[in-house]
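Working notes for the structure below.
The values are calculated or read from the model by the stated rules, or taken from the named source; none is laboratory data. Since we're looking at a predicted model, the values are computed, not measured. Cβ sites come from the backbone with ideal geometry, for glycine too, and all protein chains shown count toward neighbours. What goes into the accessible areas is simple: the full protein's heavy atoms, side chains included, and nothing from ligands, DNA or RNA. Shrake-Rupley method; radii C 1.70, N 1.55, O 1.52, S 1.80 Å.
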Amino acid sequence: MATAMVGIVPSMAHAPGLTSAAGLLAMLEEEAPALKAAALRKLDGVVSDFWAEISEALPDIESLYEDEAFAERQLAALLASKVYFYLGELGDALSYALGAGDLFCVDEASEFVDTLLAKAIDEYCDLHRKRAEAPPESEAPPIDSRLSSLVDRMVESSLGRRAYQMVLGLALESRRLELVERVITLCDAAPGDHEHDASTAAMLAYCSVLFTTTIVSREFRRSLLTLLVKIYRSQPRPDYLGLCGCLSHLGDGAAVAELLRTLVATEDKRLVAYQMAFDLVENCTQSFLKAVLGLLQPAPAAEAAESGSAEAGSAPAAAETAEAAAPAGEAEAFNKLKLILTGEVPTALQLEFLVRSNKTDSLILTNMKRAADQRNSLCHSAIVVAHAIMSAGTTADAFLRDNLEWLSRATNWAKFTATATLGVIHRGHVKQALSLLAPYLPQAGMSASPFSEGGALFALGIIHANNGAPIRSYLLDALRNAGTSEVVQHGCALGIGIASMGSNDDELYEELKATLFNDSAVAGEAAALAMGLVTLGSGSAKAIDEMLGYAHDTSHEKIIRGLALAIALTMYGREEEADDLVTTLLHDKDPILRYGAMYTIAFAYACTASNAALRRLLHVAVSDVSDDVRRAAVIAIGFVLAANPNQCPKVVKLLAESYNPHVRYGSAMAVGVACTGSASKEALELLAPMLADPVDYVRQGALLATSMVLMQCSDHREEGRAAEHRKHLQKVVADKHEDTMTKFGAIVATGLLDAGGRNVSISLLSKSSSRVMSSIVGVGVFTHFWFWHPLLLFVSLAFHPTCAVGLNADLAMPVWRLKSNAPPSAFAYPPPTSNEKKEAAHAAPTAVLSTSAKASKAAKSAKAAADSASAMEVDKAEEEKEKKAREAEKEAKAAVEAMLGTLKELNERGSVSASLAAELTRLAETGEGEDTTRALGAMAGAIEAAHARGDLATAARTAMRKHQPKASGEEPAEPPFSILENPARVLRTQERVISLLPNSRYTPVAKGRVSGIIMLTDQTPDAEQELLPASSLIATGESAPDEEEPSPPAPFEFTE
């Protein structure tokens, strides 16, 4: 009977038009195991069609799986798993799939397998995370061995297909470091197809990006970094830049110093050491750089260093002793390394670029000055701040010089802010800082105005921002000698904080604390904020306890607010370590401290996209009773999501529609912070309705945020978003009926749109995807201008030049060019502002009178008579033709002379090589006499040929070709590429189209790097180098000539 039935089943299962599984289900009730097994096989083939009918027999199928004596129990488990999958019970489906063992094929391409594998991976990773995060004394959650087996099978299958990225993601999610190491090392043995799978070095670089953008757990991140350091060191040709990045993230200053010392000792690796030093300055704190400098000493002189250290008792003395004992070449290299690590060279290079490339449009400021109400002090102050932002780092203060009378209207705190803006304009000009501000700084025995003195001290700090060692003593003495002047103390404290940011200087902290304990509202607020800046990111329990205790003791709201922000700054980057403090602050009855809790989350979790932090912020944003706290919570979302800008508009979309205007304002600022410089369509669409919000400060926030999003937007079409926003800003400023608060926002937003001479952008992440401390702090404090307008100037800390600066081994800028594979207009500067009004597109129709008709008829008769006489004037036409030829020749001569003048200027600036200049001059000389037009054409051809070869930058080509008269031919068509010369303006969106020129003499030490400060390897070191002319702004160790330094504006006093 059984044998006969077995023969019948196949024909039943494959019978065409099968409409029911009842017959197969009936076989499950047979006694013979072979019949049950055959039924299970056939049911497995039709389960996708008859799963609803089969589900009624699930108890029988489950009992077969539970029967250990049944040989095909794994098949029963697979069938049960599929039925539960179709029922939507994924937990039960996974449980039975695990019981199916090898019958559950991980390589099968089906929705069933893909869904359950995703479920299995999620559960596997979740269990491993819980085990990793479980306290040592608690029992770790068990992991089903069948689940581990399933995941291991999937891992082996993926590795066999060389799908390394998928396995790496699983390893990171489950925190299996041994699997991470295996995947990375396999990339060399069996390279994959993807760019990150091609080699171990590529996968290491990919991991370095992942740990800064996707890994939330700080503890696991440190474990991963330790592993990456181990793998980097094991490579036959280590990527020293990647290794240094990992060591700096670990805070291992000794290992970084040792690595630098080793590289400097090897002549052919010194360029790598210099590049590492530039990267360290960009990504690390002052305290870390100071520690590295103290440990940096030449290897051959270790004993001399030890003896020198014992005698002098200090690390700098030891370094000097060791340096003296080093070989001459090595000692010079160490000196260069120290100039870089102290920030002197990077600051001077950025300043050089900003001064060279300044494209500030002063007409915008002039128009705003005319349009704004002259009697409104708020608009006056806003224009001064906008000018500082537009001219940040360019040292160009001509607008202030030309409007001294207008500037003198600033009084009291407006004067304080106006004086402080000089620090933003001259930021980085550390050599001449004291002489620039001398007319305003406190003088012994005399005092012009405490507001100008306090503003000057604040400006001094901004000039030395995040590099305060040269000015530390001066500011400290100024604070001690300030006496009872609250305004001077206020400015001096802010200057100390901004200059010594993250230095953890105990002496400065104690001095600021003494000022705080005087319980002066004005001085105490600045002292509290400066204390937070000095202890930035330290997580000091002592500092937090002192600040929190005094916040509870004082009655001054300004001091409490300063302390709340200082506490948040102290916990910068501490992530999970800040959770207990946040909980404490959130349960405080004082809304200002709850406000501080929101900024503590913002700074602690900046750029991490932490789900836990976002949940907490979203809860407070809709539940707290204080509008200030709710606004701060929404703004903090922008900081947390700064590394994932595309997510921020989605997260705050509903909050942007809130009935509460404070929440709407916070949504606008959050999008501005997270999406700055991205020109994100989603961000702009979210901000657009708020530009017409009925509440003035919401419109203000939307204007500021839109400008931040559109910073350095390359779309300058009249119908483009950037052009439309500029028109809207002009309209708001000129509208006499607009609210003052909205006008204030529009003026400052105009400055942000053209910040730093149109050569800087705000970026919270570095080129290596690391958090930029100064940017996060600068934008964070900037958002507090809601309470105190001088804090607007902190935004300058977040400005980063968008440039490519190439340096040779002597830290000098050689003549070096890059190719941008896009037309020049694609990434050009915005067109200059013009006051000329456009003519109407269509002229109005003109009425024709009867008298006009008669006159027209008479004119036609006269024309006919003139035509008949034209034959007699042929000679005159010939004379006219000769006259035009003479005029064309004259224009050609003038054009040649103008081109030669421009050529001389470009040659002196290093933009045109001596050989090309000689060739163009020769062509001009051959055209003297009657062949000037031909010579002009030959010069134009030579210019185009040099540009095509890459020997001439597009800017230089344009400067010379603009003199060519239109009569000599049509304007040259825009080339499909542009040549950029060192130092070059390279926008973030432009980096993807930048490439090296073929046969370029110089190549970057860091492969593929096309922006920032780039160390260059000379491919022909024996040939003479063409260097750009030295500038007084570059760090050379000597003072700049006085005649090259612009003098500061004259001191101003308000008079009735």
Out of the stretch 334-357, which residues are open to solvent by less than 50 Å² (accessible area, probe 1.4 Å) and over 30 Å from PHE288 (Cβ atoms)? SER357
Please work out if LEU436 is in contact (Cβ under 8 Å) with a residue 60 or more places away in the chain, over 18 Å from GLY778 (Cα atoms), among the aliphatic types (A, V, I, L, M) and not in a loop (DSSP other than H, G, I, E, B). yes
Residue within the stretch 706-715 that is part of a loop (DSSP other than H, G, I, E, B), open to solvent by less than 10 Å² (accessible area, probe 1.4 Å) and among the small types (Gly, Ala, Ser) present: no
Output yes when any residue across the stretch 457-464 is open to solvent by 30 Å² or more (accessible area, probe 1.4 Å), of a type in the set (Phe, Trp, Tyr) and either in contact (Cβ under 8 Å) with a residue 40 or more places away in the chain or touching a Phe, Trp or Tyr at 6+ places or on another chain (Cβ under 8 Å) (or both), and no when none is. no
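Mind telling me which of the residues GLY745, GLY757 ends up being at pLDDT 90 or above and in contact with a Lys or Arg (Cβ under 6 Å, 6 or more places away or on another chain)?
Values: GLY745 fails: in contact with a Lys or Arg (Cβ under 6 Å, 6 or more places away or on another chain).
Matching residue, one of GLY745, GLY757: GLY757.
Quick check on the stretch 68-97: of everything there that is among the acidic types (Asp, Glu) and either out of contact with any helix residue (DSSP H, G or I) (no Cβ under 6 Å at 6 or more places or on another chain) or touching a residue at least 40 places away in the same chain (Cβ under 8 Å) (or both), which residue is surrounded by the most Cβ atoms within 10 Å (Cβ to Cβ)?
In the first step, residues of the stretch 68-97 are kept if they are among the acidic types (Asp, Glu); the result is 68, 72, 89, 92.
Retained after the next criterion (residues that are either out of contact with any helix residue (DSSP H, G or I) (no Cβ under 6 Å at 6 or more places or on another chain) or touching a residue at least 40 places away in the same chain (Cβ under 8 Å) (or both)): 68, 89.
Details: GLU68: 6, GLU89: 14.
The selected residue is GLU89.
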Out of MET501, MET531, MET547, sole residue that is outside any helix (DSSP H, G or I), open to solvent by less than 10 Å² (accessible area, probe 1.4 Å) and not basic (Lys, Arg): MET501
In the stretch 210-228, how many residues are at pLDDT 75 or above, within 19 Å of the chain's Cα centre (by Cα) and under 17 Å from ALA606 (Cβ atoms)? 0
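Residues to consider are GLY672, GLY666, GLY638; find the one that is touching a residue at least 40 places away in the same chain (Cβ under 8 Å) and in contact with a helix residue (DSSP H, G or I) (Cβ under 8 Å, 6 or more places away or on another chain). Lay out the reasoning, then the answer.
Values: GLY672 fails: touching a residue at least 40 places away in the same chain (Cβ under 8 Å); GLY638 fails: touching a residue at least 40 places away in the same chain (Cβ under 8 Å).
It is GLY666.
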Inspect the stretch 171-190 for any residue being within 17 Å of TYR206 (Cβ to Cβ), surrounded by fewer than 16 Cβ atoms within 10 Å (Cβ to Cβ), within 34 Å of the chain's Cα centre (by Cα) and without any contact (Cβ under 8 Å) to a residue 24 or more places away in the chain and give the result as yes or no. yes
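Okay, residues lined up against (1) of a type in the set (A, V, I, L, M); (2) surrounded by fewer than 22 Cβ atoms within 10 Å (Cβ to Cβ); (3) not in a loop (DSSP other than H, G, I, E, B):
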{"position": "ALA606", "(1), (2), (3)": "yes, no, no"}
{"position": "ARG615", "(1), (2), (3)": "no, yes, yes"}
{"position": "LEU618", "(1), (2), (3)": "yes, yes, yes"}
{"position": "ALA621", "(1), (2), (3)": "yes, no, yes"}
{"position": "VAL625", "(1), (2), (3)": "yes, yes, no"}
{"position": "VAL629", "(1), (2), (3)": "yes, no, yes"}
{"position": "ALA632", "(1), (2), (3)": "yes, no, yes"}
{"position": "ILE637", "(1), (2), (3)": "yes, no, yes"}
{"position": "ASN646", "(1), (2), (3)": "no, yes, no"}
Output for Cβ contacts, cut-off 6 Å, separation at least six or different chains, first residue touching a residue at least 24 places away in the same chain (Cβ under 8 Å) and on the phi < 0 side of the Ramachandran plot in the stretch 613-626, second of a type in the set (D, E, K, R) and open to solvent by 20 Å² or more (accessible area, probe 1.4 Å), reads ALA621/ARG630; ASP624/ARG630
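Which count do you get for residues in the stretch 478-498 that are part of a helix (DSSP H, G or I) and more than 21 Å from TRP413 (Cβ to Cβ)? Give the steps one after another, and end with the answer.
Let us first name the residues in the stretch 478-498 that are part of a helix (DSSP H, G or I), namely 478-480, 486-498.
Still in the list and also more than 21 Å from TRP413 (Cβ to Cβ): 480.
Going through the stretch 478-498 one residue at a time, the tally reaches 1.
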Go through (1) modelled with pLDDT under 95; (2) closer than 17 Å to ILE601 by Cα and name the single condition ALA670 misses. (1)
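What about THR515, is it buried (at least 24 other Cβ atoms within 10 Å of the Cβ) and closer than 19 Å to LEU797 by Cα?
Working: buried (at least 24 other Cβ atoms within 10 Å of the Cβ): yes; closer than 19 Å to LEU797 by Cα: no.
No; evaluated as a whole, the condition is false for this residue.
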When only residues in the stretch 566-584 that are open to solvent by less than 10 Å² (accessible area, probe 1.4 Å) and over 17 Å from VAL640 (Cβ atoms) count, which is nearest to the chain's Cα centre (by Cα)? THR570
Selection within the stretch 396-417 - open to solvent by less than 20 Å² (accessible area, probe 1.4 Å) and either touching a residue at least 60 places away in the same chain (Cβ under 8 Å) or more than 30 Å from SER357 (Cβ to Cβ) (or both): ASP397, LEU400, LEU407, ALA410, LYS415, PHE416, THR417
Does LEU40 satisfy the criteria of being in contact with a Leu (Cβ under 7 Å, 6 or more places away or on another chain) and modelled with pLDDT under 85? no
All positions within the stretch 31-61 that are of a type in the set (A, V, I, L, M) and open to solvent by 60 Å² or more (accessible area, probe 1.4 Å): ALA34
Filter the stretch 431-445 down to the residues that are open to solvent by 50 Å² or more (accessible area, probe 1.4 Å) and among the aliphatic types (A, V, I, L, M), then identify the one that is farthest from the chain's Cα centre (by Cα). ALA444
Does the stretch 639-657 contain at least one residue that is within 20 Å of the chain's Cα centre (by Cα), modelled with pLDDT of 95 or more and small (Gly, Ala, Ser)? no
Would you mind finding the one in PHE211, PHE220 that is open to solvent by less than 30 Å² (accessible area, probe 1.4 Å) and in contact (Cβ under 8 Å) with a residue 60 or more places away in the chain? PHE220
